[in-house]
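What follows is one structure encoded as structure tokens, with my remarks underneath.
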Amino acid sequence: MPGNVAPSVISDNRWGATELTLTVLDDLAAKHIEHPLVHFIGGVASDNSTAMRISGFRQAMVSRGQAVNDEQIDASGYAPELAEASIRSLYQRLGKLPDGLIVNSTIAFEGIVRFFRTLPREMLHSIVVGCYDWDPFAALVEFPLTMVRQDVDAMVAKAFEMLDGEKMVAGKIELIRPKLVRSVGAGHSG
């Protein structure tokens, strides 16, 4: 989280979420889904990381001519139990999974995966998922997945560069772009 009494080095959450959402939309277009229904789940809308990720999600959707309404964004918390309840409720409301899903964090992703495990495996091949943050175990999931991996090495290097500098500016925020990590998921043929 950025601070205002000292300089901060953080991930460029807006850029990462924009790129993640564009990747999910590209994957859905490749499946010939013209007007995909994509939802965002997880996080707390009032914290900086989530707010920037929601902004990036909205930006990407609008750039592709996709409408975004408040019902597509569920930032009711990070806890796995909350994300599991969110996706279960969404599934019940839609009568199916959405075409695409952007998950705010690996903590929320845990709850999403818990719910997905209750569904028939073939149903998981109909959804394209993007998740902010990265976990190497995610390569084992049964569905197409792209994750955002924060560039920790670049963030630490920039922080030391700032510390070694002559003048530190309170409130200065340095944004470091994260990287996308793609996986088609175990058992999914692409």
Review point. Heavy-atom accessible area per residue, region 12-106, 1.4 Å probe: how many Å²?
Key: 43 Å²
Review point. To the nearest 20 debye, what charge dipole does the chain have about its Cα centre, counting +1 at the Cβ of each Lys and Arg and -1 at the Cβ of each Asp and Glu?
Key: 280 debye
Check your understanding: Just from the alpha-carbon atoms, what are the Rg and Dmax of the chain in angstroms?
Key -> 17.2, 59
Point to revise | Linear extension gain, D26 paired with Q92, 0.36 nm per residue minus alpha-carbon span | key: 21.1 nm
Practice item. Determine the sum of side-chain charges near D151: Lys and Arg each +1, Asp and Glu each -1, restricted to other residues whose C-beta is under 10 angstrom from that of D151. Key: +2
**Study point:** Neighbourhood net charge (11 Å Cβ-Cβ; Lys/Arg +1, Asp/Glu -1) for R114
**Key:** -1
Exercise for review: For E174, list long-range residues whose amide hydrogen, built 1.01 Å from N in the peptide plane, is under 5 Å from its own amide hydrogen.
Suggested key: S8, V9, I10
Exercise for review: Output the antiparallel fraction of DSSP beta bridges having both residues in region 1-112, as a percent to the nearest 5.
Suggested key: 25 percent
Practice item. Heavy atoms only, probe 1.4 Å: what % of the accessible area of region 1-148 goes to carbon and sulfur, would you let me know? Key: 55 percent
Review point. Going from most exposed to least, what order do S46, S126 have by accessible area with a 1.4 Å probe?
Key: S46, S126
Exercise for review: Would you please classify the overall shape of region 34-109 from the alpha carbon gyration tensor, given that a ≥ b ≥ c denote the square roots of the eigenvalues, rounded means a/c under 1.5, and beyond that prolate means a/b larger than b/c while oblate covers the rest?
Suggested key: oblate
Point to revise | Note, ³J(HN,Hα) from phi for region 63-75, Karplus 6.51, -1.76, 1.60, rounded to Hz, x at Gly and Pro | key: 5, 9, x, 9, 5, 10, 10, 4, 5, 7, 10, 10, 9
Check your understanding: Tell me, what does the Kirkwood hydrodynamic radius of region 96-183 come to in angstroms if you use every pair of distinct C-alpha atoms?
Key -> 15.1 Å
Study note, to complete from the structure: With the dipole of region 41-190 defined by +1 on each Lys or Arg Cβ and -1 on each Asp or Glu Cβ, the option from G65, N104, F160 whose Cα lies farthest towards the positive pole is G65
Exercise for review: Go through region 1-88 and name the trypsin sites (Lys or Arg not before Pro) that are in a DSSP coil and have 15 or fewer other Cβ atoms within 10 Å of their Cβ.
Suggested key: K31, R64
Practice item. Name the long-range amide H neighbours of I102: under 5 Å, sequence gap of 5 or more, or other chain; modelled H, no Pro or chain starts. Key: H39, F40, I41, G130
Review point. Can you run phi through the Karplus equation (6.51, -1.76, 1.60; θ = phi - 60°) for region 81-95 and list ³J(HN,Hα) in whole Hz, with x for Gly and Pro?
Key: 4, 5, 5, 4, 5, 5, 6, 4, 5, 4, 4, 5, 5, 7, x
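The values are calculated or read from the model by the stated rules, or taken from the named source; none is laboratory data. Note that the structure is a prediction, hence the values are computed from the model and not measured. Reconstructed Cβ throughout: ideal geometry from the backbone, glycine too, with neighbour counts over all protein chains shown. Please note that ligands, DNA and RNA were not included when accessible areas were found on the heavy atoms of the full protein model with its side chains. Shrake-Rupley method; radii C 1.70, N 1.55, O 1.52, S 1.80 Å.
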